[in-house]
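The values are calculated or read from the model by the stated rules, or taken from the named source; none is laboratory data. Remember, it's a predicted structure, so these values are computed and weren't measured experimentally. Cβ: placed from backbone, ideal geometry, glycine included. Neighbour counts: every protein chain shown.
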Amino acid sequence: MTPFVSVIIPCRNERQFIGRCLEAILANDYPSDRLEVLVVDGMSQDGTRDVVDRHRAGHPSVRLYDNPKRTIPCALNLGLANAKGDVIIRMDAHAVCPKHYISECVRYLDERGVDCVGGRLLTLPRIPTLVGKAIATAMSVPFGVGNSNFRVAPPGGGDAPRLVDTVLFGCWRRELFDRIGRWNEALARSEDVEFSRRLAGRGGKMLMVPSLVCHYYARSDLTSVARHAFVNGRWAVLPFRYARGIPVSVRHLVPLALVAALLTSGLLALVARPFGLLFGAVVGAYTLANLVASATIAARERDPRYLAVMPLVFGALHLSYGLGSLAALAEVAWGGRRLASESAEGVGAAAVATRDRRRPADAPLPVVSIVIPCRNEERYIARCLDSIEENEYPKERLEVLVVDGMSEDGTRAVLEDYRRRRPYLRILDNPRREQQIALNIAITHASGDIIMRMDAHSTYARNYISECVRALDEYPADNVGGRWITVSRDETLVGRAICFATSVAFGVGNAYYRLTRLSGQGPVLATPRWEINVAYFCCRREVFDTIGLFNEHLDRSEDLDFRWRLRRAGYRTLFVPSIECHYLMRTRYVEFVTHMFRNGMWVLLPLNHVPNFPVSVRHVVPLCFVLSVAAGAVLSFVSPVGLRVLALVLGSYALLNTYVSLRIAVRERDPRYALVLPLIFLSLHLAYGLGSIVGLARIVWRRLGGLWQRTRSAPAPGRPASRA
């Protein structure tokens, strides 16, 4: 009997291509009564859904599903969950398959006894310009993409099917997913590589049939290609944070090796002349190979213009991919590996367990307990409580616990006034006056199914509470948080400059919950992302029952320790940038510098209490900057090398600082920021870095003290230890 086939197409904003893709599938020679097409749309905004709806009107076998998470693995899993077929085929909206593609895939799957069948891609330009055709060519030759079997034409034009380690648009038996699980939703990309690894690990075989050729429409401008290559390079390495044993082939590492060699030899050439020769050798070897490959293509196409364009395309492709891999390598090295719930094996059991916690449609909304630690917040607490009152979440399903650290400025009077008018508000005392103690007091007294932390210095969007609860339930997640929009407590030039400095990557690194695009147009991350740190937690109650309360030994960084324990226990955190609050930032210069100094100190001090405390790259960059300046300054008195190091560090920093400051000044149309912001950035980084040095010194001093105590208490040689 002819098997029933389900074709799954993940897409988002593909109005230009989805029509051709669907027409090619529906024109296939496979029996139409044994075929269904599931388009899983990531909430497109460009008319994609209208195109799909027109095809649905004439073809009942075409179905449309929503993918609010907007990632490919989520779309594939959603399509799989709704598929009826005995055979599953994945297709891409940018691709057009031949008329016999489905029937041939099914035939090879049956006759060869393999677990997966796929074809080859013939890359075409989306726009047939010279650059577009050059990009498509670069994506189809070994110098561009290495030994990517499904992209590069087989040697000698042979069409013989062969076993490979991965295929792009696979065709699988339905039963395979019951055996090895579905796609790993922790991976925004490379889900196909990870899935193929699991398949191969279970003894599965993947067959590529070169005669099955799909046309794939590639990006046709250098900027898009470079951006796409950077993301691909990043995700060639980044899966190591989520799943064990993902193989990386040589072709994935070559761009990383090229970029690492260029950067290393280039920097070392500034202090030692022999490394300049190495840098020249690397540049020369790559340029020669690039020119040979480009000349070969120009001769084949009989168009000398390719000799001018191809080197630029290859360079953009390789350098962007390598830089992406280098960035990911830093993330993996400093951020550690994500744990079992996000490993390939954990996606099965842990993800199913999470989905089982979804609230039934007819169940009442959960009770939410909002915890607010505060002390001496008379100026701000009323605004915070008013924004909670204006939230759309039902007040009968809400309680607010304000834990006051024995305020002395009138905060208590404000709270008492609100308590008389708001029956859901409770006031608790925190005689120890520490934030982590306040959080634990509130959580212990909370009665809600969901615990949500808020801050007295913030105000919250009208849908803040309901959107957090919805994200916990629909994705589903165990911890949810949104985005800070930093505003000035005092409307001064310095105050606004501090807000700008703490809202861009140059100021605070990859603290995505803080970041706004340098252009000022929206957040850096526009869609929800897993495992991004959030400012204020919103957790299921069971999280605290499992991992415990906040570490009371930590005066600060208790939130970093909490998120580390959360990940270690296999719980998942979701950052949703559309969930917004306004944070009133310290905007007096001395307060701001003092605050940054203490933050820098406490990013390392937790190591005194939590030996495996995670420290991310962004937290140690200011420390490295200050140490580099200090080392260069000291060395400059004894060697010219020190002066070069100092000039390199300070020159690079000054250049980047000036660039970012000018961008913000132009954006705000106020030239004064070009003078004020460099000072703010420098103060932020120096204060944070110096704080980290003090924290590091305190750690070393404490450990040396402990070693000294153990040495003094040890028995003298030849003398037996005393007995109790």
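For the subset of the range 13-50 comprising residues that are in a helix (DSSP H, G or I), touching a helix residue (DSSP H, G or I) at 6+ places or on another chain (Cβ under 8 Å) and over 15 Å from residue 94 (Cβ atoms), which member is modelled with the highest pLDDT?
Within the range 13-50, the match that is modelled with the highest pLDDT is 26.
Is one or more of the residues making up the range 207-224 within 22 Å of residue 93 (Cβ to Cβ), surrounded by fewer than 20 Cβ atoms within 10 Å (Cβ to Cβ) and either of a type in the set (Asp, Glu) or assigned by TED's automatic domain parsing to the domain that holds residue 89 (or both)?
Within the range 207-224 (the criterion being within 22 Å of residue 93 (Cβ to Cβ), surrounded by fewer than 20 Cβ atoms within 10 Å (Cβ to Cβ) and either of a type in the set (Asp, Glu) or assigned by TED's automatic domain parsing to the domain that holds residue 89 (or both)), the answer is yes, since at least one residue qualifies.
Would it be correct to say that residue 617 is under 30 Å from residue 701 (Cβ atoms), among the β-branched types (Val, Ile, Thr) and not assigned by TED's automatic domain parsing to the domain that holds residue 432?
Criteria met by residue 617.
Among 62, 5, 37, 52, which is touching a Phe, Trp or Tyr at 6+ places or on another chain (Cβ under 9 Å), surrounded by 17 or more Cβ atoms within 10 Å (Cβ to Cβ) and either β-branched (Val, Ile, Thr) or not assigned by TED's automatic domain parsing to the domain that holds residue 91 (or both)?
When all the criteria are applied, what remains is 5.
Just name the residue that is farthest from residue 541 (Cα to Cα) out of those in the range 447-460 that are touching a helix residue (DSSP H, G or I) at 6+ places or on another chain (Cβ under 8 Å) and assigned to a loop (DSSP other than H, G, I, E, B).
457
Specify the residue that is surrounded by the most Cβ atoms within 10 Å (Cβ to Cβ); the eligible residues are those in the range 495-539 that are at pLDDT 90 or above and farther than 27 Å from residue 588 by Cβ.
538
Which one is surrounded by the fewest Cβ atoms within 10 Å (Cβ to Cβ) among residues in the range 664-676 that are touching a residue at least 40 places away in the same chain (Cβ under 8 Å) and β-branched (Val, Ile, Thr)?
Only one residue tops the list, namely 676.
If you go through the range 555-594, how many residues are at pLDDT below 90 and aromatic (Phe, Trp, Tyr)?
So the count comes out to 3.
Being within 30 Å of residue 186 (Cα to Cα), at pLDDT below 90 and either of a type outside the set (Val, Ile, Thr) or not assigned by TED's automatic domain parsing to the domain that holds residue 376 (or both) is true for just one of 474, 467. Which residue is that?
Result of the check over 474, 467: 474.
Being assigned to a helix (DSSP H, G or I) and either among the aromatic types (Phe, Trp, Tyr) or under 28 Å from residue 331 (Cα atoms) (or both) narrows it down to one residue among 561, 555, 473; which is it?
Result of the check over 561, 555, 473: 561.
Matching residues to (1) of a type in the set (A, V, I, L, M, F, W, C); (2) surrounded by 16 or more Cβ atoms within 10 Å (Cβ to Cβ):
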residue	(1), (2)
9	yes, yes
23	no, no
69	no, yes
77	no, yes
81	yes, no
87	yes, yes
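Here is a yes/no grid of residues against (1) out of contact with any Lys or Arg (no Cβ under 6 Å at 6 or more places or on another chain); (2) within 29 Å of residue 466 (Cβ to Cβ); (3) in contact (Cβ under 8 Å) with a residue 40 or more places away in the chain:
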site: 538; (1), (2), (3): yes, yes, yes
site: 545; (1), (2), (3): yes, yes, no
site: 551; (1), (2), (3): yes, no, yes
site: 556; (1), (2), (3): yes, no, yes
site: 559; (1), (2), (3): yes, yes, no
site: 574; (1), (2), (3): yes, yes, yes
site: 580; (1), (2), (3): no, yes, yes
site: 586; (1), (2), (3): yes, no, yes
site: 594; (1), (2), (3): yes, no, yes
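Restricting attention to the range 266-294, which residues are in contact with a Phe, Trp or Tyr (Cβ under 9 Å, 6 or more places away or on another chain) and surrounded by fewer than 13 Cβ atoms within 10 Å (Cβ to Cβ)?
Residues satisfying the conditions are 289, 292.
Go through the residues of the range 484-493 one by one and say whether even a single one is free of Cβ contacts under 8 Å to residues at least 12 places away in the same chain and surrounded by fewer than 20 Cβ atoms within 10 Å (Cβ to Cβ).
yes
Only one of 189, 126, 182 is assigned by TED's automatic domain parsing to the domain that holds residue 308 and on the phi < 0 side of the Ramachandran plot. Can you tell me which?
Of the residues listed, the single one that is assigned by TED's automatic domain parsing to the domain that holds residue 308 and on the phi < 0 side of the Ramachandran plot is 126.
Please identify the pairs in which a residue from the range 69-88 that is more than 8 Å from residue 8 (Cβ to Cβ) and in a loop (DSSP other than H, G, I, E, B) has its Cβ atom under 8 Å from the Cβ atom of a residue that is at pLDDT below 95 and among the β-branched types (Val, Ile, Thr), counting only partners at least 6 apart or on another chain.
Pairs that qualify, where the first residue is more than 8 Å from residue 8 (Cβ to Cβ) and in a loop (DSSP other than H, G, I, E, B) and the partner is at pLDDT below 95 and among the β-branched types (Val, Ile, Thr), are 70/527.
Just the residues that are part of a loop (DSSP other than H, G, I, E, B), under 23 Å from residue 432 (Cβ atoms) and without any contact (Cβ under 8 Å) to a residue 60 or more places away in the chain, please, taken from the range 380-406.
Within the range 380-406, 405, 406 meet the criteria.
Given 661, 652, 636, 628, which one is farther than 30 Å from residue 552 by Cα, surrounded by 20 or more Cβ atoms within 10 Å (Cβ to Cβ) and without any contact (Cβ under 8 Å) to a residue 24 or more places away in the chain?
661
So, of the residues in the range 476-531 that are of a type in the set (Gly, Ala, Ser) and part of a helix (DSSP H, G or I), which turns out to be nearest to residue 625 (Cα to Cα)?
507
Of everything in the range 295-322 that's over 36 Å from the mean Cα position of the chain (by Cα) and under 25 Å from residue 232 (Cβ atoms), which residue is surrounded by the fewest Cβ atoms within 10 Å (Cβ to Cβ)?
Restricting to residues being over 36 Å from the mean Cα position of the chain (by Cα) and under 25 Å from residue 232 (Cβ atoms), the top hit is 296.
Out of everything in the range 231-265 that is at pLDDT 85 or above and either under 22 Å from residue 531 (Cβ atoms) or small (Gly, Ala, Ser) (or both), what residue ends up being surrounded by the most Cβ atoms within 10 Å (Cβ to Cβ)?
Out of the qualifying residues, it is 233.
Residue-wise test of (1) closer than 30 Å to residue 78 by Cα; (2) surrounded by fewer than 21 Cβ atoms within 10 Å (Cβ to Cβ); (3) among the polar types (S, T, N, Q); (4) in contact with a Gly (Cβ under 9 Å, 6 or more places away or on another chain).
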site	(1), (2), (3), (4)
390	no, yes, no, no
400	no, no, no, no
418	no, yes, no, no
430	no, no, yes, yes
444	no, yes, yes, no
447	no, yes, yes, no
480	yes, no, no, no
